[in-house]
Amino acid sequence: MIKRIIEISTAPAYISVKDMQLVLKREGEVIGSVPIEDIGVLMVDHPGCTYSHAALNELLANNVAVVICGKNHHPNGLLLPLDTHSVQSEKYRVQVAAKVPVKKRLWKQLVQAKIMHQAWCLDACEKKGGDGLRGLANKVKSGDSENHEAQAAARYWKHLLGNDFRRKRDGLPPNGMLNYGYTVLRAALARALCGGGLHPSFGLHHHNRYNAYPLADDMMEPFRPLMDYHVFQYWQQGEINITPEVKKALLGVLSQNVFLAGEKRPLMNALHFLSANLYRSLAGEDQVLIIPTP
């Protein structure tokens, strides 16, 4: 089943739960309800929202990623469940015990997939440079020891958004839209990893001590270009703000179909397949990550 992405942004609401329904109230009146089991991501982007303890508990118990946005409409935090699998501790042990060569091999595959998807994005946006990126992807070594990811990024952003663009979290537009889209992806990946019994804090490559979810950051890399494509469409039209229309489009990326093992399936569902595939790879059962493609 395709999980729903719920966003609350236009007005304040009291968020509670009743009979396994997430209930939204305003001034004491019910304005909507959704079965909690149908929700994948809850994005709260209004400072006037309040919550019941029971609502947060049920959301986490049903593996819902809860994203809290700040006054600038950028996500400030992410709530994730820690007990979502019947053999949770066993999976954690496998994850922590994974050898460095295994992690390097998996990171190589993620970087290659990211660069190939960047090439796809350039082609889809009718920009030059795709063939050069494909050639670069074939040169990536174990652990990306020569940092082809950074080389590809320099070429990619130049071709996609021009010589003057700098990808920075607090940079000029369309950085704000990119930040929002990437947070949506990060929440979906973290949710899928937790659902598969993995802990998002134990990364393959990312390891900043201040980063709570490095594994989610590792696994989302190949999917950034999917967000870039949609951001580019709005930026090309002159849009620079995170409007309700932009939010809807970027949230909708999680529902768009991707190819996985020759079949089409929604991205959010495909991420759960990838999470299981990652665990088997860390356990030595699989050698190759089967990464969904646009």
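Cβ separations smaller than 7 Å between residues 6+ apart or across chains give the following pairs from segment 186-198 residues that are farther than 16 Å from Leu254 by Cβ to residues that are aromatic (Phe, Trp, Tyr): Gly196/Tyr279; Gly197/Tyr279; Leu198/Tyr279. Answer yes or no as to whether Gln88 is buried (at least 19 other Cβ atoms within 10 Å of the Cβ) and within 29 Å of Gly196 (Cα to Cα). Considered against the rule, which asks whether it is buried (at least 19 other Cβ atoms within 10 Å of the Cβ) and within 29 Å of Gly196 (Cα to Cα), Gln88 comes out as no. Only residues that are crowded, with 20+ Cβ neighbours inside 10 Å and hydroxyl-bearing (Ser, Thr, Tyr) were counted across segment 240-278, and they come to 1.
Which count do you get for residues in segment 61-72 that are surrounded by 15 or more Cβ atoms within 10 Å (Cβ to Cβ) and over 13 Å from Gly40 (Cβ atoms)? So the answer is 2. Taking the numbered list (1) within 21 Å of Ala216 (Cβ to Cβ); (2) surrounded by 15 or more Cβ atoms within 10 Å (Cβ to Cβ); (3) not assigned by TED's automatic domain parsing to the domain that holds Leu204 in turn, Glu58 passes all entries but (1). Residues of segment 184-197 that are part of a helix (DSSP H, G or I), modelled with pLDDT under 90 and surrounded by fewer than 23 Cβ atoms within 10 Å (Cβ to Cβ): Gly195 alone. Highlighted here are the helices (runs of 4 or more DSSP H) found entirely within segment 90-166 that include at least 3 residues which are in contact (Cβ under 8 Å) with a residue 24 or more places away in the chain and either more than 23 Å from Tyr279 (Cα to Cα) or charged (D, E, K, R) (or both): 100-124, 148-161.
Only one of the numbered conditions (1) in contact with a Cys (Cβ under 9 Å, 6 or more places away or on another chain); (2) in a helix (DSSP H, G or I); (3) not small (Gly, Ala, Ser) is violated by Pro200, and that is (2). Residues in segment 80-89 that are in a loop (DSSP other than H, G, I, E, B) and at pLDDT 65 or above: 5 in all. The set of residues in segment 21-48 that are closer than 21 Å to Arg191 by Cβ and surrounded by fewer than 13 Cβ atoms within 10 Å (Cβ to Cβ) contains only Pro35.
Regarding Val94, is this residue surrounded by fewer than 19 Cβ atoms within 10 Å (Cβ to Cβ) and modelled with pLDDT under 95? So Val94 fits the description; yes.
The values are calculated or read from the model by the stated rules, or taken from the named source; none is laboratory data. This structure is a prediction, so every number in the text was calculated from the model and none was measured. Note: ideal-geometry Cβ built from the backbone for every residue, glycine included; neighbour counts use all protein chains shown.
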